[in-house]
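*Asks:* Next up is a structure, given as structure tokens.
The values are calculated or read from the model by the stated rules, or taken from the named source; none is laboratory data. For clarity, every value in this text was computed on a predicted model and none was experimentally measured. Cβ sites come from the backbone with ideal geometry, for glycine too, and all protein chains shown count toward neighbours. For the accessible areas, the whole protein counts, side chains as well, though only heavy atoms, and no ligand, DNA or RNA atoms are used. Shrake-Rupley method; radii C 1.70, N 1.55, O 1.52, S 1.80 Å.
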Amino acid sequence: FIAGDGLTWNDGERVEGYTNLLFVLVTSGLGALGVDLLQAARIVGLLSVLAMAAAILRAHPPRDVASALPGAGGLVLLAFSGPIIVRAVGGLEQPLLTALLLWAVVYAFPLAEREAIGLRDGLPAGLLLALVALTRADGLLFTMAACVGLALARGLRRGSLPAMLGVAVPPVLAVAGQTLFRLAYYGDVIPNTARAKVAFTTERVLAGVHYAADAWPLAIVLGAILIGLAAMRLAGGSPPARRLRLIAGVALVWLAYVIVIGGDYHVAHRHLVPIYGLVCLAAAEALAACPGGRRAVCWAALVLVSGIYLVGQVWDLQLRRANRERWEWRAI
């Protein structure tokens, strides 16, 4: 592409050999400026991790020691999430996708909380989800997931439909435009890689269940969040509860999809990276619901859960495999 031969897998033959258009364009932009392409991919990955941290702090800005707990909790779990760190230097689009997704969810929080909202209110989150849809060929699924999350957060009440439309219209238009480009440029409506990889069989579903079960350290944090919320008796209509239902809806839809397609062969739970990011944001939301008189208990719980999570990451076989492998780093 940088050499002027087009977005093709082979010179002279137009084959869409990528499923991550936005990542390709951003990395190519750095490459056109003279940055080594391997380093460019890692720069995008590392900046994306910083953008995830910024999204968590945007949702919970620390104004003093008392208000620092939610943001600190989210950042600690983010720093301890091995799959996010591995993928940041792994040269693929998951960190960029996850950063855009977290910002979209943060901008969707007001949609989950306010009673009176319109189509325009959903556009900021929708524009970010449009970038998500351009980052992966299956990225439009996150738009459906966000609408499911909003339905869980708000219920099917008056005002929910305009919010969902505001969220859904930009991604749909983005994917429609990309599809027209595919048809005109490649003569096909789906990437060639999708034809090679995608299949829906019972064996794939069973493999997907095993793939999800391999990420057992993540389940530790999820269990701690649920236990903590139950102990605090979080009210169903409170803002933190609505935000958590929004996050849960997005995460569950994507998890179901990952299971159906059979997971992935890459190391470090590549397809679960968006869920790792969402769990960090969910942990921040759960800590934000901590009563003022129990801050010390919540800080202690954060230290305990983070420690257990870190040990789990150290013993995660997928992450240990990623730590042993070096061929990706040497690019051979």
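*Asks:* If DNA, RNA and ligands are ignored and the probe is 1.4 Å, what is the ranking of Arg154, Arg295 by accessible area, most exposed first?
*Replies:* Working: Arg154 5, Arg295 60 Å².
Heavy-atom accessible area, descending, gives Arg295, Arg154.
*Asks:* Further, regarding this structure: Under a GNM of the chain (C-alpha, springs under 10 Å), which listed residue has the highest mean-square fluctuation: Ala112, Ala283, Ala59?
*Replies:* Maximum fluctuation in the GNM of the chain, among the listed residues, is at Ala59.
*Asks:* Once the Cα atoms of helix 273-288 and of the chain are each reduced to a long axis, what angle between those two axes, in degrees from 0 to 90 to the nearest 10, is obtained?
*Replies:* 20
*Asks:* If I fit a long axis through the Cα atoms of helix 21-32 and take the longest principal axis of the Cα atoms of the chain, what angle between them do I get, 0 to 90°, rounded to 10?
*Replies:* The angle comes out at about 70 degrees.
*Asks:* No solvent, one uniform scatterer per C-alpha: report log10 I(q)/I(0) for the chain via the Debye equation at q = 0.07, 0.09, 0.10, 0.15 1/Å, two decimals.
*Replies:* -0.29, -0.48, -0.60, -1.34
*Asks:* Of Met52, Met144, Met164, which has the most accessible area with a 1.4 Å probe, and how do the rest follow in descending order?
*Replies:* Values: Met52 0, Met144 100, Met164 35 Å².
Ranking Met52, Met144, Met164 by accessible area, largest first, yields Met144, Met164, Met52.
*Asks:* Leaving out ligands and nucleic acids, and using a 1.4 Å probe, what accessible area per residue does region 73-148 come to in Å²?
*Replies:* Value for region 73-148: 32 Å² per residue.
*Asks:* Near Ile220, within a Cβ-to-Cβ distance under 15 Å, what is the net charge of the other residues, with Lys and Arg +1 and Asp and Glu -1?
*Replies:* Values: positive: none; negative: Asp214, Asp316.
For residues surrounding Ile220, the net value is -2.
*Asks:* Which percent of the accessible area of the chain is formed by carbon and sulfur heavy atoms (probe 1.4 angstrom)? Could you put the intermediate results ahead of the total?
*Replies:* On the way: 10830 of 15660 Å².
Of the solvent-accessible surface of the chain, carbon and sulfur hold 69 percent.
*Asks:* Just how far, in whole angstrom, is region 120-180 from region 262-294 if you go by their alpha carbon centroids?
*Replies:* Going from one Cα centre to the other spans 21 Å.
*Asks:* Turning to a different aspect of this structure: Taking the highest mean first, how do the peptides 94-104, 6-16 order by number of other beta carbon atoms within 10 angstrom per residue? Don't skip to the end; give the middle numbers.
*Replies:* Details: 94-104: 27.4, 6-16: 13.0.
Listed from highest to lowest mean packing, they are 94-104, 6-16.
*Asks:* Here's another thing I want to ask about it. Need the full-extension length gain, Leu38 to Glu13, defined as separation in residues times 0.36 nm minus the C-alpha distance. One decimal, nm.
*Replies:* Numbers: separation 25, 0.36 × 25 = 9.00 nm, distance 2.44 nm.
Between Leu38 and Glu13, full extension yields an extra 6.6 nm.
*Asks:* Over the heavy atoms of Phe23, what accessible area does a 1.4 Å probe trace out, to the nearest 10 Å²?
*Replies:* So the heavy atoms of Phe23 present about 10 Å² to solvent.
*Asks:* Here is a further query. Taking a ≥ b ≥ c as the square roots of the Cα gyration tensor eigenvalues, with a/c under 1.5 meaning rounded and otherwise prolate when a/b beats b/c, else oblate, which class fits region 93-226? Provide the component values of the computation, followed by the final result.
*Replies:* Numbers: a/c = 2.12, a/b = 1.11, b/c = 1.90.
Taking the square roots of the gyration eigenvalues as a ≥ b ≥ c, region 93-226 is oblate.
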